[in-house]
Each structure stands twice: as C-alpha cells, then as structure tokens.
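Peer 1: For reference, the structure I am asking about is given below.
The values are calculated or read from the model by the stated rules, or taken from the named source; none is laboratory data. Everything quoted here is computed from the prediction, not taken from an experiment. Every residue, glycine as well, gets a Cβ built from its backbone with ideal geometry; the counts of neighbours run over all protein chains shown. Just so you know, the surface numbers come from the protein's heavy atoms only, side chains and all, with ligands and any DNA or RNA stripped out. Shrake-Rupley method; radii C 1.70, N 1.55, O 1.52, S 1.80 Å.
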Amino acid sequence: MAFGRGAKMDGRRPSSPSSSMCTTTTVVVFVALCMVGAWMMTSSTVFPVEPTSNKKSEPIEVSTSNKKTEVKDQRAEVGFGETDEAAKSGSVSSEKFEDTDNNDNVPDESHSNRDAPEEEKFPENAMEKPVEMAEEKEPPKEKEDSKDSFDDANGKSEGQSAKEGGESGDEEEKSEERKDKETTTDNDVEKSDAEKKEDQEGKSEDDATEQPQIEEKVEESGEKEPAAKANEVFPDGAQSELLKESNTENGSFPTQAAESKNEKEAQAASKSSGDEITYSWKLCNSSAVTDYIPCLDNEKAIKKLHSTKHYEHRERHCPAEPPTCLVPLPEGYKRPIEWPKSRDKVWYSNVPHTKLAEYKGHQNWVKVSGDHLLFPGGGTQFKNGALHYIDTIQQALPDIAWGKRSRVILDVGCGVASFGGYMFDRDVLTMSFAPKDEHEAQVQFALERGIPAISAVMGTKRLPYPSRVFDVIHCARCRVPWHIEGGKLLLELNRLLRPGGYFVWSATPVYQKLPEDVEIWNAMSSLTKSMCWKMVKKTKDTLNQVGMAIYQKPMDNNCYEKRSEDSPPLCKETDDADAAWNVPLQACIPRLPIGPSVRGSKWPEMWPQRLEKTPFWIDGSRVGVYGKPANEDFEADYAHWKRVVSKSYVNGMGIDWSKVRNVMDMRAVYGGFAAALRDQKVWVMNIVPIDSPDTLPIVYERGLFGMYHDWCESFSTYPRTYDLLHADHLFSKLKKRCKLLGVFAEVDRILRPEGKLIVRDDAETISELESMAKSLQWEVRMTYARGKEGLLCVQKTTWRPKEIEASM
C-alpha cells in the first residue's frame, strides 16, 4: 500500500484495468501458441506407423504408459547368431511379434488402448502427454547412438528419416518445453512427480526382466517354432559399450556385400517359392517323337559307343541335363480302356504300331482289328494261351505253388507281357522287362494293357533290383545267351533269385535236337551244375509243343564248398550283392546268407500272410527309417498308410479308382502305400530312390515289387504309361540334387492324360509344384496345408504347347 501511495505522490497515473487484461491475454496467447508449436514439433517426430522402405520389416511392438511410449522394431534382417532358415522366415517371424498384449513389459495403463489399432495408438499417446514425454529422463547419448546404429545397419526406417528432418528444431523445441514447464500449475507438478516415481519403479522392473518374453508360436501341426532372443536385436549395456567405438567402420551405412547378399537371397527365396516365375514349355524335338525315352533315345551318346556287342546301345545313356520339354501326344489319343478289358484290347491310336503285329501275329502276340489292337494271350512258347502254359508249369512242379509260395516273379524278355498279364489270375505279381529294340513298342503295349513292365536289357550292368528277392525267374525264348562269357548273364539271375527259388527256362535247346540247340543245352547243363543249380523238372507242353526245364537255387553254401573247381568263382567278401545302380556285371557267385536272422536264410511267409507280417529279419535291434525300432517302424508305417489310403485317397479325393490301373510310388519306404491298396484292382511300382535308405528288400519280402531309380534322370518307361503317381516327401529332397523343372517334365512324360499326381511334402515345395502344374494347364483337384506340411492332388490334361524346341 505504501508503494501505491508513493506512486500517486509521484504523480504517476495507475494502470487501467483494460491495459492489464490486454497484457495478460497476450502472454496467454503466446504461451498457448508455444505449446501448440511444441506439440506440433513433437508430433512430427513421433515414431512412424508404416515404414516407407521397400524391404519387409517386422511389426512394431509398442509398450504404452502414461509416462512413456517405447517402440521396439523387431527386424528379421538383424538376426545376429540366428540360422539362415530363421532369417529367411520373415512371414513366420512377424506373427511372433504381432501380439503386444501378451508382453509382460506392457504396464496396465495401456489396457484402454489395446483394442485400437497401432495407427491410432501413436498419435493418441503423443497428444495426451507431450509434457511428460519431454520430462522423461533421456538415456546416455552413447547408448542411444549405439541403438540407432543397429537400426541403420539393417535398413533405414521412416522414424529415422523423421528424426533427421526434425534435428534443426530440437533446440527450439527444448526451449519451448522449458517455457511450458514454467507455466505448469502446482497440481501438474505434483502429478508429474508422482508419475516420475511410478516410472522409476517400472524401470527397475524392466531392468529385472530386460529380455522381453516372446510367446512361442504353435502351428496347427503342434510343432513349436523357437522364440527369437531379444538381445539379438537389442544388445545389453556391455554389448552397446563394445559397439560404441570399436565397431564404427560401417556406422549407419550398409556394406555393398551385405546389400548384394540380401538381394540375392531375396531373389532366390522368391524363385524357390514359385513367385514371379513363368514357365515356357516346348515340345521335344526327338526322332522318337511320341515314344521318347530320354535315357534310351540319347542318339548322341549311342553314336559315341565303341561297341554294341553286349547290347550297350540298349542300355541307359542319360543326357547331362534332364530334358524340360514335353512329349507330344499321338494323333487321336483316347482315354485308355479300363482293366480287365485292356488286357485283351487297346486303342490303336494310343500305340499306333503295326510292325509287331506283322512280325508276331501268327504267334498270337498282337493283331490289328479296326480301331483296336487285340491281344489273344499268346506268345512264342504259348500260342494257345498263357493260362494253359502257366498251369502246365504248376502241374509239372506243384511245389512252385503259384500265389502261395511263389508270389513275385521276374519275366525276362517279356514281349507284350501276356505271361505276366495272366499271372494276375493266379495272384502272382510279375516284373516284366524287355529292351527297346526291333520288337517295336513291346513294353509300351504291355503298359497300355495294364501289365507291369519296364524297358531294360541284360547287357553290361546289373539290373536295378536287390539280391535274393525274386521267388521265380522265367525265360520263354527270351533270346539271352546265358552260357557265354563264363555265364555272366545267368550269374546275374543267380544274384536276383531267392535261395530256394526256381528258374523256368522254356526254349528250343530244351526240346529240340538241332546241332546249335544241342550245343547250347550241353553248355547250359555244365554251367548250371557248376552254379549248384539243381534241375528239378524237365517237361513238355503237348498242346503248345514246347518243353521247359526248371532249376532250383541252393539254400546254403555247402554245394559251393564241395565243388572240385572254383568256377564260376565265389565273389569277394567285399562284394555287395545288393548294390545295383550302374554296377558292372561280375562273373561270380555271391555267398548265401548264414544265420537264422539273416535275410534269405529262410523262405518268406506264404501269400497273402507275408503282406502284413513283419519280416523275420526285421527286429528291434535295428533302427527304422522313422527312428523307431525297425519292427515297430514297419508296423506304424503300414497302419499310417492304411488310414491315409482309406480315409483320404480312396474316399476323400474324388478319385474314380475303377479308372486307375498302373500306379507308381515314387518314394516307397516299406511299401505301406502299395500294401494299403491291395483291395483295389491296381498294381504299384515301388521306387526306392538311390539316395534313400535301401528298404527295397523289405518291399519284396512282403510280396510286392519295385526297383531302384535316380529321379534326377529319366525313368525307363514309355510316355503316358501310369494312371497315378504318388510322391511322399520326394521333391523337397530332390531339390538339393537337381532342378525340379526337369523332374516335373519327367512326371508329365510318364503320366497319362487325366492321370493323377498326389504329392505330400513341405508347404513351400507344394506351392512350387502347384505353380508348375498350373503352367501345364493341369487341373488342381486338391491343395491343402497344415502348418509347414502340404498335400497336392493334380490331374494332367491333354494340353500340349505348339512350339517345338531346337534340335537336341
């Protein structure tokens, strides 16, 4: 008051109320503008919602409280110490980090924002607490720089760009924030102090649990993916200190090596997944045209052969690179006639060859009748029908017991395979083979009829079968010179024949007395005796006017040890009789197995019991293919395929099995898939790939058959010969050895139009194969994925490209 009076006395006029109000208003407006400006500056540097980079980054994990907003950018590219597979699985990893509700580091105050999208959370939190964010204690500058360097090294984010854009305003922003602090009310100060205390408590809890808890993702298959380690992306203090000065060579700039490596990996991943890949198919340019078999029609390789004395020109000579062309269809191709009618007749347009009808028509091999080729069921040795001939063998030697003791047989030089075709009536499975020679398309006729056969020759290499697996081997005028060169070819049959098994030889030397026949008979008699084969029967078929000799292989080594001369010699101890892929023939006798628990030491169970019973030589002392004791592995495999075939393949895929006859399991293990199809009127060629466990002897032991093969090469069959191909986890394994495009072109070559391909494999491979199938205009019947596994069923169509590839 005294001061006021002094002012009056000085003659000064007191300030008017309107002037004071104006000044106050100006200050308030100025402060408000400053606050708005500060808010705008802080909001412009708030963390971004979506990255602008072309690179895919992981979803952002947000922890929200009243005091602070923490952003954790989980990037797949960082991956310090992780495997290549984990680094590449960006889409999978993203799911692991999306759910921030389960993160223990998120305070309870954020519950009100959980249901809102992340895009809404960021600006909301920024607007609610701009002052408190400014007041938050800043981390040491060195650690902040270190953290930024990790983000930069793996691609800049939008947040980084925004930070750089706002650096010029940092000082101004801080100045405005200091002014804001000065205008804060007492209540605000108290509230701020309380929140600071709460933050300190929260921070200490965060330190105690520094690594965020990341929930493991469980796929539908029940398998867990390993959780990512937080310190791989966010290093602890010690790691940051190490990175502060000593690891500054790159700073925020990625290296060219890293950029190039990442780009190549991205392109490779895109290629392997089938994305952005287009397939350009052309017709094969081969002189074989519609009957092209790449490994048997390799004219360049055949021309370079030094000799053809041992039928080298009929053996396999595969191209260096598997063809990726498509074999054209014969003009007028039709859907094959169904079994069993197909055994008697096929469409001429499907196999338009008449030479064999002209050459062998008088022996009732094949005849032409209008639109059909007819097969009377005859052969060179059984003009009056194969069934009578088959029964003659049974009558001559009842112990052969077709369909009981003798279940799996090999027919050498099969012709059109009428012998094997009528063996089905006796519940016998016949593996027939003949070369691709002047008997035009004889194996193709067999397969078109629905009879199993392959193109092969007894030349310089072992046949693609394991040792001691065939119950009977049959040769009816098969034109093989068994007796020459120390009996090398007959010794190959000895390798394949089961101990105690029979060799049925029906040929002119058995019953004719021409000088040449007598010479051959004497040579064969001497050879078989030295091999310890016992001739158990020599008989004549009066109806067909032919004769046959039946030999039996010994069950043990006693005869070999008693021979006066070691000729043919016993094979070396180091010889592996089961090795059969591109192995040269040897003129020696493999020793027979010794011991009650060794394969081949006793005869299998009678058919059909042998189909389901675990082989006696498979026991718990050995580990099976799937990791269980071998006997349990075998039983589990059979139970699995019975369930899959019954519930899925037969009743769940819409396949009309009456139209399916020729089936191939491209990767058989124990033959469970084939065994499960026993009630269907089909036969299954079980293929054991050369790089898979050698389980083919087990397949034969249970009364089924098959062969070894390398799927990086062409199969020894004619085009359009199988109704259904089945591949269980084959293609994903092949990708490590050869290109899938060539393998799929081979699948197209083998499969008939309207034939089915069923694939079980990993989801990535399924996607790649589906893309190839669609490029061939195949019909996708079913595609299914569960977790990382997938199932694909596709059907081939009659589509063929117009363009022909350049000369081969």
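Peer 1: Considering only protein heavy atoms and a 1.4 Å probe, what is the carbon-and-sulfur percentage of the accessible area of the stretch 403-483?
Peer 2: 45 percent
Peer 1: Same structure, new question: Report the Stokes-Einstein translational diffusion coefficient (µm² s⁻¹, integer) for the stretch 756-808, Rh taken as the Kirkwood radius over Cα pairs, at 20 °C with viscosity 1.002 mPa s.
Peer 2: 178 µm²/s
Peer 1: Here is a further query. How much length is gained on full extension from Arg678 to Gln363, taking 0.36 nm per residue of separation minus their Cα-Cα distance?
Peer 2: Roughly 110.0 nm would be gained on extension.
Peer 1: Hey, any idea what % of the stretch 655-808's accessible area is carbon plus sulfur with a 1.4 Å probe?
Peer 2: About 47 percent, which is the carbon plus sulfur part of the accessible surface.
Peer 1: Same structure again: For Arg781, what residues show an amide H to amide H distance below 5 Å, using hydrogens built from the backbone and excluding near sequence neighbours?
Peer 2: For Arg781, the qualifying residues are Cys793, Val794, Gln795.
Peer 1: So how far apart, in nm, are the two label points at Cys318 and Met606 if each is 7 Å from Cα heading toward Cβ?
Peer 2: For the pair Cys318/Met606, the computed spacing is 4.2 nm.
Peer 1: Report the convex hull volume per residue for the stretch 427-497, counting only C-alpha atoms, in Å³.
Peer 2: 107 Å³
Peer 1: Between Val536 and residues 5 or more places away or on another chain, which pairs have amide H atoms under 5 Å apart, with H built 1.01 Å from N, and which residues are they?
Peer 2: For Val536, whose amide H was placed from the backbone, the distant partners under 5 Å are Ile550, Tyr551, Gln552.
Peer 1: With both bridge residues required to lie in the stretch 469-552, what share of the DSSP beta bridges run antiparallel, to the nearest 5%?
Peer 2: Of those bridges, close to 65 percent are antiparallel.
Peer 1: Cβ neighbours within 10 Å, averaged per peptide: list 679-688, 561-570 in order, most packed at the top.
Peer 2: Result, highest mean Cβ count within 10 Å first: 679-688, 561-570.
Peer 1: Working with all protein chains in place, sort Arg737, Arg661 by solvent-accessible area computed with a 1.4 Å probe, largest first.
Peer 2: Arg737, Arg661
Peer 1: Which entries of Lys303/Lys756; Lys735/Lys788; Lys659/Lys735; Lys334/Lys774; Lys360/Lys540 show an alpha-carbon separation above 26 angstrom in the structure shown?
Peer 2: Lys303/Lys756; Lys659/Lys735
Peer 1: Once the Cβ-Cβ distance between Lys736 and Lys513 is put in as r, and R0 is 60 Å, what FRET efficiency do you end up with, to the nearest 0.05?
Peer 2: Calculated transfer efficiency: 0.50.
Peer 1: Which whole number in µm²/s is D for the stretch 293-361 by Stokes-Einstein, with the Kirkwood Rh taken over Cα pairs at 4 °C and 1.567 mPa s?
Peer 2: Rounded, D is 84 µm²/s.
Peer 1: Would you mind telling me the share, in percent, of accessible area of the stretch 486-552 contributed by carbon and sulfur at probe 1.4 angstrom?
Peer 2: Of all accessible area on the stretch 486-552, carbon and sulfur atoms account for 51 percent.
Peer 1: Just need the Rg to Rh number for the stretch 299-413, please, alpha carbons only, Kirkwood Rh.
Peer 2: 1.07
Peer 1: Rg (Å, one decimal) plus Dmax (Å, integer) for the alpha carbons of the stretch 371-431?
Peer 2: 11.9, 43
Peer 1: Then there is this: Do you know the relative contact order of the stretch 378-463, to the nearest whole percent, from alpha carbon pairs under 8 angstrom that are 6+ apart?
Peer 2: This gives 23 percent for the stretch 378-463.
Peer 1: Mind checking the per residue accessible area of the stretch 528-578 for me, 1.4 Å probe, whole number of Å²?
Peer 2: Averaged over the residues of the stretch 528-578, the accessible area is 61 Å².
Peer 1: Would you mind putting 298-304, 704-710 in packing order, based on average other-beta-carbon counts within 10 Å, highest first?
Peer 2: The packing order, highest mean first, is 704-710, 298-304.
Peer 1: Please list, ordered by chain and number, the residues whose modelled amide H lies under 5 Å from the amide H of Asp541; skip anything fewer than 5 residues away on the same chain.
Peer 2: Close amide H contacts, sequence-distant or interchain: Val546, Gly547, Met548.
Peer 1: Contour minus end-to-end for Ala587 and Arg479, with contour as 0.36 nm per residue of separation and end-to-end as the Cα-Cα distance?
Peer 2: That pair, Ala587 and Arg479, stretches by 36.9 nm at full extension.
Peer 1: Continuing with the same structure: So if R0 is 56 Å, what FRET efficiency would Asn651 and Val598 give, r being the distance between their Cβ atoms, rounded to the nearest 0.05?
Peer 2: Efficiency, rounded to the nearest 0.05: 0.85.
Peer 1: Go ahead and collect, in residue order, the members of the stretch 517-547 whose backbone nitrogen is under 16 Å from a label point 7 Å along the Cα-Cβ direction of Gln395.
Peer 2: Within reach of a label on Gln395: 538-547.
Peer 1: Given a cut-off of 15 Å, what percent of all Cα-Cα pairs of the stretch 510-576 lie beyond it?
Peer 2: Above the 15 Å cut-off, the stretch 510-576 has 63 percent of its Cα pairs.
Peer 1: Each residue of the stretch 451-457 in order: what ³J(HN,Hα) in whole Hz does its phi give by Karplus 6.51 cos²θ - 1.76 cosθ + 1.60, θ = phi - 60°, with x for Gly and Pro?
Peer 2: Using θ = phi - 60°, the values come out as 10, x, 6, 9, 8, 7, 9 Hz.
Peer 1: Next question. Which number comes out as Rg/Rh for the stretch 673-796 once both Rg and the Kirkwood Rh are worked out on C-alpha atoms?
Peer 2: 0.94
Peer 1: Same structure, new question: Over the stretch 350-502, one equal point on each Cα, no solvent: what is log10 I(q)/I(0) by the Debye formula at q = 0.08, 0.09 Å⁻¹?
Peer 2: Each listed q corresponds, in turn, to -0.22, -0.28.
Peer 1: Using a 1.4 Å probe, how large is the accessible area of His353, given in Å² and rounded to the nearest 10?
Peer 2: Approximately 30 Å² for this residue.
Peer 1: In addition: Using R₀ = 45 Å, calculate the FRET efficiency as 1/(1 + (r/R₀)^6) where r is the Cβ-Cβ separation of Val623 and Met535; round to 0.05.
Peer 2: My answer for the efficiency is 0.55.
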